[in-house]
1. Identify, by number, the condition in (1) of a type in the set (D, E, K, R); (2) open to solvent by 80 Å² or more (accessible area, probe 1.4 Å); (3) at pLDDT below 90 that D92 doesn't meet.
2. Is it the case, given these coordinates, that K325 is open to solvent by 50 Å² or more (accessible area, probe 1.4 Å), within 13 Å of L199 (Cβ to Cβ) and assigned to a helix (DSSP H, G or I)?
3. What helices (runs of 4 or more DSSP H), lying completely within region 91-197, carry at least 1 residues that are of a type in the set (F, W, Y)?
4. In region 18-71, what residues are in contact with a Pro (Cβ under 9 Å, 6 or more places away or on another chain) and at pLDDT 90 or above?
5. Would you check if L298 is crowded, with 19+ Cβ neighbours inside 10 Å and either assigned to a helix (DSSP H, G or I) or among the aromatic types (F, W, Y) (or both)?
6. On the basis of being part of a loop (DSSP other than H, G, I, E, B) and under 25 Å from L181 (Cα atoms), does Y280 make the cut?
7. Taking region 42-56 as the search range and keeping residues that are over 19 Å from D275 (Cα atoms) and in contact (Cβ under 8 Å) with a residue 60 or more places away in the chain, which one is farthest from the chain's Cα centre (by Cα)?
8. Kindly list the number of the only condition in (1) open to solvent by 10 Å² or more (accessible area, probe 1.4 Å); (2) free of Cβ contacts under 8 Å to residues at least 60 places away in the same chain that fails for F155.
Amino acid sequence: MYDAGFWKSVHAIHSSCSHIQIRVGLDIEKLDRNPHYTAGLYAVLNQNLNFDFSFYDIHDMEHADLIILKGNFVIQYALLTPRGFTMCTYIDDPASVQDIYEKFSLENAGRTEIITNVKSLWMVDQGYRTSFYTAGDFFFFLTNGIEYLLPHEVFDSILKKASPEQVPSVERLCITWEEILNKAGMDIMVPTSSLMRYLESGYIDLTEVEYKLSPQERKAHIFHVLAALQKNPRLSVGMISVSSNTTAFQEANLSFYSNYKTSFFKKNPQYIQRDTNSFYVILNKRLNAVILNFFRHLKDLPQYHHYDEPELTEKYTLYKPLIEKILSLSK
C-alpha cells in the first residue's frame with residue numbers, strides 16, 4: 001500500500017474531519033530489511049497526526065486486499081508489482097459492507113496489535129511511566145521541545161500553573177528525572193528545525209502537561225544542559241539536519257522515546273484534535289528493536305552531528321548573539 005502511494009491520498013483528507021481510527025497490517029520483515037520503509041512509517045504517522053493508527057502483523061491480513069470504511073463501503077483491490085493498483089471493486093450495499101467488516105474485522109478476530117494508540121500511557125499500564133523511567137539507559141528523538149534536563153526552577157513554575165489533577169504527575173516527573181535521568185545513560189537526538197522552534201517558542205510537553213518556558217528559563221535550560229554534559233559522561237546530545245536523506249523528519253511533530261526494552265511515540269498536542277489519541281505504544285519486541293535501530297542508525301548519516309560539552313559551549317558562544325535575538329523576539 002505504501003509503494004502504491006495510498007497514504008498520500010489519506011493525507012489529502014481535510015484535517016478538520018471527524019476522528020478516524022485506521023487499522024492496518026505492518027510487514028516487520030520488510031521494515032527490518034529496508035530502513036526506507038521504517039522512515040516511511042514514521043512519515044505516515046507524522047503527516048497524519050489527527051488519525052489514530054493501530055498496526056497488526058501483516059500475516060494476519062495479507063490475503064484480504066480490502067479497504068473497509070466501517071458502515072460506508074468496501075473496496076476490494078489487486079496490486080501491481082512493484083507498485084500501483086490494478087482491479088478495484090467498490091461495494092456500498094449496507095448489509096454486504098457489514099458482513100465483510102464483521103468477517104475481516106481485526107478486533108472481532110482477536111488479532112493482537114503490534115502498535116496501539118492510547119490517550120494516555122496510563123491506559124496501557126498504571127505503572128508504565130514509572131517502570132519506563134527506572135531503566136538505566138534511554139534514547140530520545142525529541143521534536144516537541146526539549147523537556148529533559150530542566151532546571152528545578154522550571155518545575156517550580158510548572159507546578160504553580162498546573163491544575164490540582166496535574167500536580168502529582170509533575171512532582172513525580174521532577175523527582176524521577178532529577179534522581180534518575182540526570183545520572184542515567186541518555187542519548188538525545190533533536191532535528192535542528194525542532195531545536196529552533198523550541199528556542200523561538202519555549203514549548204515543551206511533559207507527557208500530559210504543556211508548558212512554555214520564558215526566555216530566561218530557556219537560557220537557564222541551555223546552561224543546565226551544558227552543566228549536565230560536564231557532570232554525566234553517559235549523556236549524549238546530537239542534532240540531525242533535514243536534507244534529501246531525512247525528509248521524513250521535515251516539520252516533525254512526532255517524538256520517539258525508548259529505554260531499549262520498550263518504546264513509544266508521542267504526538268505534539270498542539271497539532272491534534274481533542275478526540276485524537278496522543279501516544280503510540282510499540283507492543284512487539286522485534287518491531288521495537290527494528291524501529292529503535294532505525295533511529296540509532298541516523299547517527300551514521302552525514303546530516304547527524306554529535307556535540308560534547310566543549311563543542312556545544314563553543315557553538316553557544318559563537319551563536320549567542322543570534323540566540324539572544326531569538327529569545328528577545330519571543331517575549
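1. Of (1) of a type in the set (D, E, K, R); (2) open to solvent by 80 Å² or more (accessible area, probe 1.4 Å); (3) at pLDDT below 90, only one is false for D92: (3).
2. Yes, satisfied.
3. In region 91-197, the matching helices (runs of 4 or more DSSP H) lie at 94-104, 128-133, 152-161.
4. Of everything in region 18-71, nothing turns out to be in contact with a Pro (Cβ under 9 Å, 6 or more places away or on another chain) and at pLDDT 90 or above.
5. Details: crowded, with 19+ Cβ neighbours inside 10 Å: yes; either assigned to a helix (DSSP H, G or I) or among the aromatic types (F, W, Y) (or both): yes.
Taking the combined requirement at face value, the residue satisfies it.
6. Working: part of a loop (DSSP other than H, G, I, E, B): no; under 25 Å from L181 (Cα atoms): yes.
No; evaluated as a whole, the condition is false for this residue.
7. F55
8. (1)
The values are calculated or read from the model by the stated rules, or taken from the named source; none is laboratory data. Since we're looking at a predicted model, the values are computed, not measured. When we count neighbours, we look across all protein chains shown, and the Cβ atoms used for this are built from the backbone with ideal geometry, even at glycine. Note: areas computed on protein heavy atoms with side chains; ligands, DNA, RNA excluded. Shrake-Rupley method; radii C 1.70, N 1.55, O 1.52, S 1.80 Å.
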